[in-house]
Amino acid sequence: MRLVVLTGAGISAESGVPTFRDAGGLWEGHRVEDVATPEAFGRDPDTVHRFYDSRRHAVAQVEPNPAHDALARLEGALGDDLLVITQNVDDLHERAGSRRLLHMHGDLLTARCTACEARSPIAADLIERPRCPECGERMLRPDVVWFGELPYHLDEIDEALLACDAFAAIGTSGAVYPAAGFVMTAAEFGARTIELNLAASEITPLFEEVRHGPASLVVPAWVDEVLAGRA
Ligand code: APR
């Protein structure tokens with residue numbers, strides 16, 4: 001069975017990583033237009049660097065939770081028949097052991113040079129203006145997809161959605177496209193669809209099956225059923 005799983009901030013919530021739109025979420029404390037757009041970076045790079053440097057420090061303090069672990073276990077059993085597409089920029093899926101993973105909104109731990117476009121692992125806070133290891137310029141930005149920019153891996157994602165037998169969305173509000181539309185594409189090409197989320201989301205009505213509850217409980221239970229051939 002070819003399975004595509006989309007994850008959002010909700011899968012990392014119980015690890016202690018704030019979501020965006022829940023109470024106390026990141027967009028409560030920051031205006032998107034101040035920290036997550038190319039214009040914001042052009043206008044005030046320090047504020048943008050401070051926002052992402054602090055999120056990187058916060059993620060380094062937390063651990064994957066049983067939901068991340070369950071998806072890594074699922075990959076161990078399904079191998080290439082599983083693809084996880086994450087909207088998250090944290091590295092908790094990787095630290096849980098997932099490898100068949102696409103970061104469609106980029107990666108908090110990677111920098112991209114605005115002079116030569118080279119990507120490099122972030123070794124120091126970007127607000128310190130470290131040099132690009134490739135060209136030596138001090139022009140690094142977080143390799144995170146901002147509002148108004150095109151998400152990464154869309155061709156590969158489309159291919160996977162057209163071919164999958166089942167599609168699951170975990171911990172996403174369905175507030176941002178194109179990710180919020182993936183369920184419709186998968187369903188259109190015959191996939192079964194399931195939403196695993198703490199509460200009803202904007203896209204809940206689009207799913208055949210919905211299970212509400214904390215990811216650390218509902219995801220391992222669902223993975224057990226998939227592995228037993230019951231889901
Ligand atoms: N278990 C499962 N789901 C949870 C949990 C939990 N413990 N806690 C919260 N959720 C759910 C919420 O109910 C909500 O539906 O996770 C979702 C989080 O929604 P958002 O904060 O909007 O995060 P996300 O859907 O990932 O946002 C998508 O928006 O701001 C952009 O680029 C950013 O990638 C992000 C995109």
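The values are calculated or read from the model by the stated rules, or taken from the named source; none is laboratory data. All values reported here derive from a predicted model rather than from experimental measurement. Cβ: placed from backbone, ideal geometry, glycine included. Neighbour counts: every protein chain shown. For the accessible areas, the whole protein counts, side chains as well, though only heavy atoms, and no ligand, DNA or RNA atoms are used. Shrake-Rupley method; radii C 1.70, N 1.55, O 1.52, S 1.80 Å.
Each residue, E33 and Y177, gets one label point 7 Å from its Cα in the Cβ direction; the gap between the two is 2.1 nm.
Label separation (E225 vs R99): 3.0 nm, computed from points 7 Å beyond Cα along the C-beta direction.
Let me have the 222 nm mean residue ellipticity of the chain computed from DSSP H runs of 4+ only, each contributing -39500 (n - 2.57), with the sum over all residues rounded to the nearest 500. Value at 222 nm, helices only: -9500 deg cm²/dmol. In this structure, D165 and L217 have a Cβ-Cβ separation that, at R0 = 25 Å, corresponds to a calculated FRET efficiency of about 0.50. Under conditions of 20 °C and 1.002 mPa s, region 132-231 yields 138 µm² s⁻¹ as its translational diffusion coefficient, taking Rh as the Kirkwood radius over Cα pairs in the Stokes-Einstein equation.
Compute the angle between helix 215-227 and the longest alpha-carbon principal axis of the chain, please, reported from 0 to 90 degrees and rounded to the nearest 10. Helix 215-227 sits at roughly 50 degrees to that axis.
Averaged over its residues, region 1-148 has an accessible area of 45 Å² per residue, based on protein heavy atoms and a 1.4 Å probe. Can you give the angle from 0 to 90° between the axis of helix 154-163 and the longest principal axis of the chain, with both taken from C-alpha atoms, to the nearest 10? Once rounded, one gets 0 degrees. At an R0 of 35 angstrom, the distance between the Cβ atoms of D80 and E117 translates into a FRET efficiency of 0.75. Remark: C-alpha extents of region 1-77 on the principal axes read 47, 26, 22 Å, sorted largest to smallest.
Cys residues of the chain that find no other Cys beta carbon under 4.7 Å: C164. Using a cutoff of 8 angstrom between alpha carbon atoms and counting only pairs six or more residues apart, the relative contact order for the chain works out to 23 percent. For the chain, a simple Cβ point-charge model (Lys and Arg +1, Asp and Glu -1, everything else neutral) yields a dipole of about 360 debye relative to the Cα centre. Stretching R138 away from H57 to a fully extended chain increases their span by 27.1 nm, per 0.36 nm per residue minus the current alpha-carbon distance. If you wrap the tightest convex hull around every Cα atom of the chain and split its volume per residue, you get 116 Å³. Which one of A123, A187, A215 has the biggest mean-square fluctuation once the chain is modelled by GNM with Cα springs under 10 Å? Highest fluctuation among the options: A123. Think of region 46-89 as a dipole: +1 on every Lys or Arg Cβ, -1 on every Asp or Glu Cβ, centred on the Cα centre; then among L71, H49, Q61, H49 lies furthest on the positive end. Here the Gaussian network model covers the chain, with springs between Cα atoms less than 10 Å apart; of A58, A180, A23, A23 fluctuates the most.
Seen against the Cα atoms of the chain and their longest principal axis, helix 66-78 is set at about 70 degrees. Surface composition of the chain: carbon plus sulfur atoms contribute 52% of the solvent-accessible area (1.4 Å probe, protein chains only, all chains present). Applying 0.36 nm per residue to the separation of A187 and D22 and subtracting their alpha-carbon distance, the gain on full extension is 56.7 nm.
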